[in-house]
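Heads up: the structure comes next, in structure tokens.
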Amino acid sequence: MTAQDFVLESYNSNIEKGKVKWSSPSNIALIKYWGKREQQIPENPSISFTLSNCKTITEVTYTKKKTGDFSFNVIFEGKENEAFKPKIQTFFERVEAYVPFLRDYHFTIETSNTFPHSSGIASSASGMSALALCMMSIEEKLTAYEDVISTEQSDEKSQNYFNQKASFLARLGSGSACRSIEGELVVWGQNESTESSDLYGIRFSGEVHSNFKKYQDTILLVDKGEKQVSSTVGHQLMHGHPFAKERFKQAHHNLGKLKAVFASGDLDNFVKIVESEALTLHAMMMTSMPYFILMKPNTLEIINRIWTYRKTNNSHVCFTLDAGANVHVLYPENEKESVLRFIKNELADYCQNKQYITDYVGKGAQFMKN
Ligand code: PMV
């Protein structure tokens, strides 16, 4: 597929109004995407677990208007919200070439998250993927008549095409959002180990051992404040970064290793690859110019306690980090009870207001009937 394949050529603009609604999850990268080129093309491949509980629910009402400027309003958790508008305006500008009906309708975008607001959890992956899916459902409604005319076209507008284009649009909103459409493992970024594309996320096609079934992710809310560095700035710091080339190479290499780990169920090596990826992401930020330390003292305290617990209990619990201080604690389902006890008794003390969110690997976004 090329970007050109996602351009919508014609649609029925006589449809006056309608409503669509999607719920879309967040995801947590195991191999990290950090560094991008124009049009949100990643510098290296990444792979993530799709989550289940951390979701954005978005309903878009579209009402016909005279063509002209983009027109939309955003209602976040029941209240009119101006702060999200610039990001959505940019999203519309980037995706307009592929969903040309954007100027023909006024959109009311009602959105809410299942996780607490300002928890420090990036809502851009779930938020942008939910919005992209709504746009795809609108595209489907405006082109429904074509399906009847041409079987070839109806083939093209299959589930596969729908998901690929939704992921393609989501990527233009926020890179990692393209990994939130499907589950349970999604690869994004061309590589030699797996079926892949730079343009959209693809379900990991390799073998996955039952050790990874319903893998658990408990998110420890260490710092709920504003991010110190936005991911846009973070990605830019990889331009001219002294270690960038090696890092991009390493991500390819780690993805190959992880593919073998998924097939064999080798949890010891899973832990090594995943923790090393998280620390490398942070190392990139510490060694860029300007430099940043995004971990907090409590992040380090938690990491040390996870290491001690793992050793003492012969456990496979491990951590990963996003570009912030919160810690994702990953563990197999058969350790759920003991690790949750450990989190509650020991790690919760290092979270703001003792807050954490329990989640696990999920199957992807869901269309919601009104
Ligand atoms: O999608 P963005 O541009 O917000 O970048 C997110 C990058 C990381 O979360 C740090 C890593 C990843 O692959 O999700």
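The values are calculated or read from the model by the stated rules, or taken from the named source; none is laboratory data. The shown structure was predicted, so the numbers you read here are calculated from the model rather than taken from an experiment. Every residue, glycine as well, gets a Cβ built from its backbone with ideal geometry; the counts of neighbours run over all protein chains shown.
Confirm whether Thr194 is assigned to a loop (DSSP other than H, G, I, E, B) and within 16 Å of the ligand (Cβ to nearest atom).
Yes, satisfied.
So Gly234 ticks every box in (1) away from the ligand (no atom under 15 Å from the Cβ); (2) touching a residue at least 40 places away in the same chain (Cβ under 8 Å) but one. Which box is left unticked?
Unmet condition: (1).
Among the residues of segment 37-47, are any among the hydroxyl-bearing types (Ser, Thr, Tyr), touching a His at 6+ places or on another chain (Cβ under 7 Å) and at negative phi?
If we filter segment 37-47 for residues that are among the hydroxyl-bearing types (Ser, Thr, Tyr), which is where we start, we get 46.
Now narrow it down to the ones that are touching a His at 6+ places or on another chain (Cβ under 7 Å): none.
Within segment 37-47 (the criterion being among the hydroxyl-bearing types (Ser, Thr, Tyr), touching a His at 6+ places or on another chain (Cβ under 7 Å) and at negative phi), the answer is no, since none of the residues qualifies.
Can you say whether Ile303 is more than 15 Å from Ile31 (Cα to Cα) and part of a helix (DSSP H, G or I), as far as the supplied structure shows?
Details: more than 15 Å from Ile31 (Cα to Cα): yes; part of a helix (DSSP H, G or I): yes.
Answer is yes for this residue.
Give just the number: which of (1) within 13 Å of the ligand (Cβ to nearest atom); (2) not in a helix (DSSP H, G or I) does Lys224 not satisfy?
(1)
Give segment 177-191 a look and list any residue that's among the hydrophobic types (A, V, I, L, M, F, W, C) and assigned to a loop (DSSP other than H, G, I, E, B), or say none. I'd like the intermediate steps shown before the answer.
The first filter runs over segment 177-191 and keeps only residues among the hydrophobic types (A, V, I, L, M, F, W, C), leaving 177-178, 181, 185-188.
Of everything in segment 177-191, just one residue is among the hydrophobic types (A, V, I, L, M, F, W, C) and assigned to a loop (DSSP other than H, G, I, E, B), namely Ile181.
Regarding segment 63-75, can at least one residue be identified that is over 30 Å from Val329 (Cα atoms), away from the ligand (no atom under 16 Å from the Cβ) and under 23 Å from the mean Cα position of the chain (by Cα)?
Among the residues of segment 63-75, at least one is over 30 Å from Val329 (Cα atoms), away from the ligand (no atom under 16 Å from the Cβ) and under 23 Å from the mean Cα position of the chain (by Cα), which makes the answer yes.
Counting only residues that are closer than 25 Å to Tyr200 by Cα, give me the strands (runs of 3 or more DSSP E) lying completely in segment 15-77 with at least 3 of them.
Result: 17-31, 46-64.
Which numbered condition trips up Ile88, out of (1) touching a residue at least 60 places away in the same chain (Cβ under 8 Å); (2) aliphatic (A, V, I, L, M); (3) more than 14 Å from the ligand (Cβ to nearest atom)?
(1)
Run down Asn73, Asn81, Asn53 and say which single residue is in contact (Cβ under 8 Å) with a residue 60 or more places away in the chain and not assigned by TED's automatic domain parsing to the domain that holds Arg247.
Asn53 is the lone residue from the list that is in contact (Cβ under 8 Å) with a residue 60 or more places away in the chain and not assigned by TED's automatic domain parsing to the domain that holds Arg247.
Return the total of residues in segment 1-14 being touching a residue at least 12 places away in the same chain (Cβ under 8 Å) and in a loop (DSSP other than H, G, I, E, B).
Filtering segment 1-14 for residues touching a residue at least 12 places away in the same chain (Cβ under 8 Å) gives 1-3, 6-8, 10-13.
Cutting the leftovers down to in a loop (DSSP other than H, G, I, E, B) gives us 1-2, 7-8, 10-13.
So the answer is 8.
Kindly provide the set of residues from segment 1-54 that are charged (D, E, K, R) and within 16 Å of the ligand (Cβ to nearest atom), ordered by number.
From segment 1-54, those charged (D, E, K, R) are 5, 9, 16-17, 19, 21, 32, 36-38, 43; that's our starting set.
Once the filter is applied, which keeps residues that are charged (D, E, K, R) and within 16 Å of the ligand (Cβ to nearest atom), segment 1-54 yields Lys32, Lys36, Arg37, Glu38, Glu43.
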